[in-house]
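The values are calculated or read from the model by the stated rules, or taken from the named source; none is laboratory data. What you are looking at is a predicted structure, and each value in this text was computed from that prediction instead of being measured. Note that we place each Cβ from the backbone using ideal geometry, even for glycine, and neighbour counts take in every protein chain shown. Side chains included, ligands, DNA and RNA excluded: accessible areas come from the protein's heavy atoms. Shrake-Rupley method; radii C 1.70, N 1.55, O 1.52, S 1.80 Å.
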Amino acid sequence: MGEKSRKGGWCGWIIALIVVAAAAGAIVALVRKKHNDSTPDAPGNPGSPEKKYADALRTAMQFFDVQKSGQLVNNKISWRGDSALKDGSQAKLDLSKGMYDAGDHMKFNFPMAYTATVLSWAILEYGDQMKVVNQLEPAQDSLKWITDYLINSHPKDNVLYIQVGDPDADHKCWDRPEVMTEARPLIQINTTVSGTEVAAETAAAMAAASLVFKSSDSTYSSDLLKHAKQLFTFADKYRGSYSENIPEVATYYNSTGYGDELLWAATWLYHATGDQTYYDYATGKNADSFGNFGNPTWFSWDNKLAGTQVLLSRVSFFNSKASNSDTLQEYRKTAEAVMCGLLPKSPTATSSRTDSGLIWISNWNALQHPVASAFLAVLYSDYMLTSRTAKINCNGDAYTASDLRNFAISQADYVLGDNPSKMSYLVGYGDNYPQYVHHRGASIPIDADVGCKDGWKYLDSKEPNPNVATGALVGGPFLNETYIDSRNNSMQAEPTTYNSAVLVGLLSGLVTTSSVATSFT
């Protein structure tokens with residue numbers, strides 16, 4: 001009887017232990033589920049790159065080389081050569097560097113400075129991921145090609161050259177940049193002809209770039225920051241729209257207002273300096289005047305509000321020392337409203353999409369907005385992951401960092417060929433991409449002996465471009481998702497340098513996963 005009792009007690013203990021273990025396991029599972037629902041793990045160091053995005057990033061980066069002006073160094077584009085070597089000479093300045101705007105030979109500083117700001121932002125957030133696929137150094141080199149030019153464009157505190165070339169004269173020619181003979185006049189802003197938006201955007205570009213080069217070239221970084229501070233003061237003190245004061249620029253890059261650039265520049269200067277003055281500028285009365293809180297906008301070369309909202313959300317996510325003011329929270333709330341508008345299943349999702357889900361706003365340069373929106377979405381997603389923020393709320397529905405990343409992937413994949421036309425809109429990527437890009441240099445054989453007037457036959461030629469404008473992101477599809485591959489179709493077939501910047505940012509965010517740095521300094 002005693003043996004039986006001991007055996008029964010032993011079995012009871014075993015059963016009790018099993019029950020306790022099961023209960024503990026259930027509790028752990030519940031806690032883990034709750035943890036996953038509330039605080040997702042940050043992704044950590046860069047993982048293995050995804051080949052599709054790595055290949056696309058290598059391709060996209062090459063368009064900056066295609067667009068370079070000046071005396072080329074380590075030229076990687078076989079059909080490009082030195083050009084515009086005398087730009088700026090009439091003002092005794094060297095404005096030979098910089099990049100051509102699109103398929104023409106103009107240097108428009110407003111979108112070019114935006115290109116530099118966005119490229120800097122991409123490097124600051126995703127430089128570790130670029131490095132994994134050997135694209136960090138090319139990105140830095142391309143950025144410096146622009147910032148060298150921007151520095152030379154700012155010879156005095158309150159003088160900034162903002163354009164090289166006459167677009168009317170330029171557009172009467174179809175020639176290669178290496179042999180162009182048309183006049184290259186200069187346009188400047190100063191204390192009597194103000195241009196706040198272009199001065200402020202240039203300040204933003206230089207402040208952001210100063211962070212990129214801070215560890216590798218401290219002298220250059222300091223020079224950039226000096227120019228950024230001067231230009232911001234100039235932009236703010238002498239307020240006025242450049243496209244109102246210089247009406248001829250409005251045909252090409254008309255500004256709809258300068259308040260967004262002032263906030264954008266102040267935010268970048270705050271990141272670059274840590275100076276509370278710039279933070280107060282962006283979150284004080286100027287925010288009341290220009291912030292447009294609660295009204296989501298599209299991020300572009302003309303409107304920086306959505307970018308500013310995301311960039312100041314970064315402060316809210318990571319900088320506990322910053323004043324967590326009501327205004328800062330308004331920036332973050334509006335950034336989240338931007339994100340909610342992008343998510344296709346959100347109650348506040350924008351209806352501005354194609355049937356296949358591409359964000360679509362305009363016939364002209366249609367891919368600008370979906371790519372820029374996707375870049376902001378992948379940034380915000382990574383801010384959430386790194387800060388272990390579980391979700392955003394869209395009118396009562398919750399969405400995660402993964403939801404934002406999936407949206408960004410959908411836009412990138414559409415660009416790369418997952419679309420009804422099965423066409424890659426990134427030239428040089430995939431097997432089916434545009435062959436008749438609206439780009440002078442790409443359309444004219446390198447050995448053709450033609451000038452301004454006799455080159456037009458190459459615009460009208462039925463033959464594909466003899467030179468591949470590798471990395472060009474063309475304008476993109478119509479709302480019905482068709483694309484007409486014709487050089488005369490500049491609405492769809494012309495690439496722009498600033499589109500390449502947001503595409504590089506997007507692809508760099510998708511090429512692999514990692515935590516973003518909690519500070520740029």
Some residue of segment 341-349 being open to solvent by less than 30 Å² (accessible area, probe 1.4 Å) and in contact with an Asp or Glu (Cβ under 9 Å, 6 or more places away or on another chain): yes
Quick check on M112: is it farther than 22 Å from F213 by Cβ and touching a helix residue (DSSP H, G or I) at 6+ places or on another chain (Cβ under 8 Å)? no
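From the list R388, R440, R405, pick out the single residue that is charged (D, E, K, R) and in contact with a Gly (Cβ under 8 Å, 6 or more places away or on another chain).
On the way: R388 fails: in contact with a Gly (Cβ under 8 Å, 6 or more places away or on another chain); R405 fails: in contact with a Gly (Cβ under 8 Å, 6 or more places away or on another chain).
The unique qualifying residue is R440.
Each row is one residue, and each column tells you yes or no for (1) under 26 Å from A204 (Cβ atoms); (2) touching a Cys at 6+ places or on another chain (Cβ under 7 Å); (3) part of a helix (DSSP H, G or I); (4) at pLDDT 50 or above.
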site: G12; (1), (2), (3), (4): no, no, yes, no
site: I18; (1), (2), (3), (4): no, no, yes, no
site: L30; (1), (2), (3), (4): no, no, yes, no
site: D65; (1), (2), (3), (4): yes, no, yes, yes
site: D101; (1), (2), (3), (4): yes, no, no, yes
site: H105; (1), (2), (3), (4): yes, no, no, yes
If you take the residues in segment 411-449 that are open to solvent by 30 Å² or more (accessible area, probe 1.4 Å) and of a type in the set (S, T, N, Q), which one is nearest to P495 (Cα to Cα)? Q435
Just give me the residues in segment 474-493 being open to solvent by 40 Å² or more (accessible area, probe 1.4 Å) and in a loop (DSSP other than H, G, I, E, B), in sequence order. F478, L479, N480, T482, I484, D485, N488
Where residues in segment 256-271 are touching a residue at least 40 places away in the same chain (Cβ under 8 Å) and open to solvent by less than 10 Å² (accessible area, probe 1.4 Å), which of them is nearest to S120 (Cα to Cα)? W268
A366 passes all but one of the listed conditions (1) open to solvent by less than 10 Å² (accessible area, probe 1.4 Å); (2) closer than 20 Å to G505 by Cβ; (3) in contact with a helix residue (DSSP H, G or I) (Cβ under 7 Å, 6 or more places away or on another chain); the exception is number (3)
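Quick grid of which residues meet (1) surrounded by 24 or more Cβ atoms within 10 Å (Cβ to Cβ); (2) modelled with pLDDT of 95 or more; (3) not in a helix (DSSP H, G or I):
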{"site": "V249", "(1), (2), (3)": "no, no, no"}
{"site": "S289", "(1), (2), (3)": "no, yes, no"}
{"site": "S323", "(1), (2), (3)": "no, no, yes"}
{"site": "K333", "(1), (2), (3)": "no, yes, no"}
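Could you go through segment 444-459 and let me know if any residue there is among the hydroxyl-bearing types (S, T, Y), out of contact with any Gly (no Cβ under 7 Å at 6 or more places or on another chain) and without any contact (Cβ under 8 Å) to a residue 60 or more places away in the chain.
Scanning segment 444-459, I find no residue that is among the hydroxyl-bearing types (S, T, Y), out of contact with any Gly (no Cβ under 7 Å at 6 or more places or on another chain) and without any contact (Cβ under 8 Å) to a residue 60 or more places away in the chain, so the answer is no.
Condition check: at pLDDT 95 or above, assigned to a helix (DSSP H, G or I) and not hydroxyl-bearing (S, T, Y). Does A372 satisfy that? Outline the logic, then answer.
Details: at pLDDT 95 or above: yes; assigned to a helix (DSSP H, G or I): yes; not hydroxyl-bearing (S, T, Y): yes.
Taking the combined requirement at face value, the residue satisfies it.
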Which of the helices (runs of 4 or more DSSP H) contained wholly in segment 140-240 include at least 1 residues that are open to solvent by 10 Å² or more (accessible area, probe 1.4 Å) and hydroxyl-bearing (S, T, Y)? 218-237
Pick from Y429, Y436: which is within 16 Å of V415 (Cα to Cα), of a type in the set (F, W, Y), in contact (Cβ under 8 Å) with a residue 24 or more places away in the chain and assigned to a loop (DSSP other than H, G, I, E, B)? Y429
